[in-house]
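Chemist: Attaching a single structure in structure tokens format; questions to follow.
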Amino acid sequence: MSPEEASRIVVRPYITEKTFAMVEGEAKICFIVDRGASKSQVAEAIEELYGQKA
């Protein structure tokens with residue numbers, strides 16, 4: 001998957017007080033993603049963009 005495709009699937013991080021607490025407490029990050037993307041596509045896109053296993 002190219003970085004351009006990955007950035008179309010993973011739109012942006014979702015930041016609220018609740019999700020910020022998840023980042024601090026559980027080391028989890030929430031993202032806004034394309035509604036048409038499957039779970040495997042989202043996981044692949046996150047791995048491509050951030051180099052982390054999803």
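Throughout, read-outs are computed from the coordinates displayed, never taken from laboratory work. As the structure is a prediction and not an experimental result, all values here were calculated from the model. So basically every Cβ, Gly included, is an ideal-geometry build from the backbone, and we count neighbours across all protein chains shown.
Chemist: Would you mind ranking K28, K53 by Cβ crowding within 10 Å, fewest neighbours first?
Modeler: Fewest to most other Cβ atoms nearby, the residues stand as K53, K28.
Chemist: Could you state the orientation-averaged shadow area of the convex hull built on the Cα atoms of the chain, in nm² to one decimal?
Modeler: Across all orientations, the chain yields a mean hull projection of 3.7 nm².
Chemist: Run the quick spin-label model on R12 and S40: label points 7 Å from Cα toward the beta carbon, then report their separation in nm to one decimal.
Modeler: For the pair R12/S40, the computed spacing is 3.0 nm.
Chemist: Angle, helix 39-50 long axis vs. longest principal axis of the chain, Cα atoms, 0 to 90°, nearest 10?
Modeler: 80 degrees
Chemist: Cross-link partners among aspartates and glutamates for K53, C-alpha distance below 12 Å, same-chain residues fewer than 8 apart left out?
Modeler: Here the aspartates and glutamates satisfying the reach criterion relative to K53 are E44.
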